[in-house]
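As structure tokens, the structure follows; a few thoughts come after it.
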Ligand code: SF4
């Protein structure tokens with residue numbers, strides 16, 4: 001497929017497998033030929049990882065929505081006495097997992113929570129430890145770079161010590177990708193000044209990778225960032241991946257405005273923007289194997305189309321999503337495995353259930 005003359009040089013680079021520059025990335029964001037962008041991203045996806053699409057049979061566990069950070073784009077965080085604020089006890093967290101265990105294929109957990117003003121690191125750790133000891137067969141993916149930075153700050157431990165305790169006592173096998181938002185101080189100072197900085201988020205990933213713990217990466221886009229800042233964000237991730245190789249998948253999160261402070265002034269992204277951002281992420285992140293189409297945020301139909309725009313990972317069954325539904329996500333709060341398999345097959349691809357480290361558990365060829 002040939003691009004217009006304007007993009008011929010980039011197409012030739014992609015075909016040769018050559019790395020794209022910052023300038024190429026910015027130019028791609030100004031390309032209006034969405035079909036060409038999709039075709040380029042799909043070609044790279046096929047070359048890099050074939051036709052398998054990964055998914056998890058998993059359960060999300062959000063221990064509390066009480067959070068000191070007050071990020072302007074978040075609809076999940078609450079103050080202690082605010083309506084809808086909750087704190088799970090250890091018993092409630094175990095009960096949630098017990099309920100999810102009714103699915104015989106449940107493979108693991110995704111644990112992320114608010115930055116509670118009075119919970120200690122040992123309190124968070126105690127809950128995941130109890131879950132891990134009760135259900136050692138489930139993989140444990142959890143905590144973002146933001147939460148791990150917070151744990152280090154409130155405990156007086158180093159990031160490395162926090163990670164070691166989460167791994168050795170809590171059974172942590174991989175780190176969640178959230179909290180990266182846009183890795184630019186200008187954006188973070190305005191939207192989320194009370195949590196980990198860009199450098200701190202990257203440092204958690206770097207430290208985890210050094211310890212052999214893999215992590216995911218993400219980008220929350222479609223708010224106050226410029227297109228140049230999106231490209232710079234991808235380049236910061238690409239640079240760290242060159243250094244450590246420890247990122248497993250990249251997730252594009254479109255900003256969902258409902259019930260957020262920022263939602264007063266910013267509208268939701270278009271499907272056009274979602275698909276071009278997916279495609280450009282695949283093209284710029286040439287050292288990432290996996291690019292995720294997170295159906296909860298994109299909606300199921302858009303996530304399915306995104307499989308033709310560079311994605312090879314569609315997240316999981318989730319069990320009961322709450323964080324993004326507080327922000328008006330219109331997708332279901334869970335998907336059955338049969339549904340996920342159907343969605344992937346309809347796209348002409350091969351569904352593969354995997355654990356949090358992309359080890360394949362079974363495929364449906
Ligand atoms: S995005 Fe995370 S850190 Fe920010 S307010 Fe929401 S729960 Fe808290």
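Over the chain, calculate the relative contact order: mean separation of alpha carbon pairs under 8 Å at least 6 apart, over the residue count, as a percent.
On the way: 713 pairs, mean separation 82.8, N = 365.
About 23 percent, as a whole number.
Please identify which residues in the range 147-174 have an amide N closer than 19 Å to a label point set 7 Å out from the Cα of residue 123, following the Cα→Cβ vector.
Flagged as within label range: 147-157, 162, 166, 170.
Given R₀ = 51 Å, what would the calculated FRET efficiency be for residue 242 paired with residue 103, taking r from the Cβ atoms and rounding to 0.05? Mind dumping the intermediate values first?
Details: r = 38 Å, r/R0 = 0.75.
The pair residue 242/residue 103 has a calculated efficiency of 0.85.
What is the log10 of I(q)/I(0) for the range 87-213, computed with the Debye formula using one identical point scatterer on each Cα and no solvent, at q = 0.13, 0.18, 0.22 Å⁻¹?
-0.54, -0.97, -1.31
Rounded to the nearest 500, what is the 222 nm mean residue ellipticity of the chain from helices alone, with -39500 (n - 2.57) per DSSP H run of 4+ residues and division by all residues?
Values: 14 runs with 152 residues, N = 365.
So the helix-based figure for the chain works out to -12500 deg cm²/dmol.
What does DSSP give for the chain in terms of the percent of beta bridges that are antiparallel, rounded to the nearest 5? Mind dumping the intermediate values first?
Details: 4 of 33 bridges.
Beta bridges within the chain, antiparallel portion: roughly 10 percent.
Using only the alpha carbon atoms of the chain, find the Kirkwood hydrodynamic radius as the inverse mean reciprocal pair distance, in angstroms to one decimal. Intermediate values should be presented prior to the final figure.
Working: mean 1/r = 0.0485 Å⁻¹.
Its Kirkwood hydrodynamic radius stands at 20.6 Å.
Once label points are set 7 Å from the Cα along Cα→Cβ at both residue 33 and residue 134, what is their separation, rounded to one decimal in nm?
With each label point 7 Å from Cα toward Cβ, the separation is 5.6 nm.
Bear in mind that the values in this text are calculations on the coordinates, not laboratory data. Since we're looking at a predicted model, the values are computed, not measured. Positions of Cβ are backbone-derived with ideal geometry, glycine not excepted, and every protein chain shown enters the neighbour counts.
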